[in-house]
Structures are given as structure tokens and as C-alpha cells.
Amino acid sequence: MTINGEFRRNHVVNWRDTLACTFLDDDLDPEDVPPVCRKEVFDYLENMVKVRGLLAEGLSEALGLDKDFLDGIECMKSKYFLCLYYPASPEPELTFGSFRHQDATFMTAVLQDNMGGLQVLYQDNWIDVKPIQGALVINIGQLMQLITNDKFKCVEHRVVSSYNGPRLSIACFFTPSSGGQMKSYGPIKDLLFETNPQIYKEVPYADYINFHQIKIRERIPILPFFKVRYNEP
Ligand SMILES: O=C(O)CCC(=O)C(=O)O
Ligand SMILES: [Fe+2]
């Protein structure tokens, strides 16, 4: 339940506890979720499935495609669900809630409490994502950037530690279905024109995610490695 793999490697350490549940497609045996939060996890997930449906339609239409397009390619049917607990830190300058990163997923929906701490990188400045009661933060993941050929861009983000706490958040990472995980993903053909040439290669999802696991500790975006014309990032 506790993830703090950074502890022995860095002077600055991760300062959070995590309960993780993986739903391949929409399935998870309820027995695999601790009884203390089983009902809440399944209720929350039921609502996330509705949110996913609305976003899939809206994003497909925003790309100029049929509203069922993203649902059809099964790029977000599975979910990796994190309940995050960031304790107050006695030394915030030596800890990070979440180190800077870009989600490797297709899309992530985050519900944060009112403590603050989430920041996005915009034009080389870290900007606070101020909590809004009842609002979800939707992060575009690197896989969405790949399949939209940079039309939708992934944002780099982090969570800073604070003397105040705890901070609580729930992150629901949408990833391909079990069938989709056996497939390759590349830029959607209908989005490619002479004036919008293909930026990324078609990549087997298994290679994409294995590469992410290898590179995760370097905290660099993995997309540049999948460019048709590879330039050192
Ligand atoms: O806790 C948050 O607000 C964001 C967490 C996050 O970005 C992540 O786990 O990938
Ligand atoms: Fe993230």
C-alpha cells in the first residue's frame, strides 16, 4: 500500500501513501478492495465510467471525429485508481507529494480536496491548480498526445509538500482495454494531412508501457522517443 521507492535514492523523497486498485476493462473482484472502502471505491468508479463516456464523446467531437470514435478504439476502458494521502511534511523542502511527471495514460481524472499543492508547468513556470469544490481536474496523458498527433497536449505536473496537511486526492487513470493492450497505437489517420504530418510512430502498447516503466525514474517525457524522426529530448 505504501509506495516510496525514491527513499534510498534521492535527497528529496516522495511524501505520500497510496491505495491502488487496477480495473482491467471495467472489472475488479470486489474482494480485492479493502472492505473499509469497498463501497466507496465501486460507487466512485461507477461515476467515473459516466464521466469517461461524456469525455470520450466530447473529445472525439473536438477532434472532428464521430462521437463514438475514442470509445471504439478502446484506449480508456481500463482504470488504474489511486487514493492518495499526502501527510503534512515536517520538512517540505526535502519532500515532494508527487515529483514532476507527465501521465503515461490516455487521460486522468483527479479529484482534489481544498488543501492545494497540485501545480502544472506552463511556459516554464509552475502554476497552482487551485482547488474548486466538486470540480475534477482532467489531465491529458501522453498516449492521448500520441494518438492525436500533438493536437491535445499532455501537461507536466507535480504535487508540492506543505507543513499543512494531510492533503487527499483521488486519481483515476484511464488506460486501454485488455484487447487494446495487445494492439498498437499511433496517430489517428483522419487527423493527418500534408500540413499536419505524422509526428509519432505506431507503437505496440506493450512496448510503450514497458518503456515507460524503464524510464519512470528519469522523470522525462517518453513521447520524444516514439517520434518518426527521433531527436534527443
Ligand atoms: O494528487 C494529485 O493531485 C495528482 C496526482 C498525480 O498527478 C499522479 O498520481 O499522477
Ligand atoms: Fe499525474
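The values are calculated or read from the model by the stated rules, or taken from the named source; none is laboratory data. No experiment lies behind these values; they were computed from the predicted model shown. Cβ placement follows ideal geometry from the backbone for every residue including glycine, while neighbour counts extend to all protein chains displayed. We work out accessible area using only protein heavy atoms, side chains counted, and drop any ligands, DNA or RNA first. Shrake-Rupley method; radii C 1.70, N 1.55, O 1.52, S 1.80 Å.
With a requirement of 1 or more residues that are open to solvent by less than 60 Å² (accessible area, probe 1.4 Å) and at pLDDT 95 or above, the strands (runs of 3 or more DSSP E) lying completely within region 1-104 that satisfy it span 78-86.
Rundown of residues vs (1) within 15 Å of ligand 2 (Cβ to nearest atom); (2) at pLDDT 95 or above; (3) within 27 Å of S89 (Cβ to Cβ), yes/no style:
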| site | (1), (2), (3) |
| --- | --- |
| G116 | no, yes, yes |
| V120 | yes, yes, yes |
| D128 | no, yes, yes |
| I132 | no, yes, yes |
| Q145 | yes, yes, no |
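Whether any residue in region 37-44 is in contact (Cβ under 8 Å) with a residue 24 or more places away in the chain and more than 24 Å from H157 (Cα to Cα) is what I want to check. Yes, region 37-44 contains a residue that is in contact (Cβ under 8 Å) with a residue 24 or more places away in the chain and more than 24 Å from H157 (Cα to Cα).
In the set (1) under 16 Å from the mean Cα position of the chain (by Cα); (2) without any contact (Cβ under 8 Å) to a residue 60 or more places away in the chain; (3) closer than 28 Å to D26 by Cβ, the condition left unmet by A206 is number (1). Only a single criterion out of (1) buried (at least 19 other Cβ atoms within 10 Å of the Cβ); (2) at pLDDT 95 or above; (3) touching a helix residue (DSSP H, G or I) at 6+ places or on another chain (Cβ under 9 Å) is not satisfied by K151, namely (1). Taken together, the residues in region 105-124 that are closer than 19 Å to L19 by Cα, of a type in the set (S, T, N, Q) and either open to solvent by 60 Å² or more (accessible area, probe 1.4 Å) or over 13 Å from the mean Cα position of the chain (by Cα) (or both) amount to 1. Of the residues contained in region 169-179, none is found to be open to solvent by 50 Å² or more (accessible area, probe 1.4 Å) and modelled with pLDDT of 95 or more.
Among the residues of region 175-185, at least one is assigned to a strand (DSSP E or B) and either within 15 Å of the chain's Cα centre (by Cα) or within 16 Å of ligand 1 (Cβ to nearest atom) (or both). Against the definition (in contact with a strand residue (DSSP E or B) (Cβ under 8 Å, 6 or more places away or on another chain) and either under 30 Å from R229 (Cβ atoms) or within 9 Å of ligand 1 (Cβ to nearest atom) (or both)), how does L143 come out, yes or no? Yes; evaluated as a whole, the condition is true for this residue.
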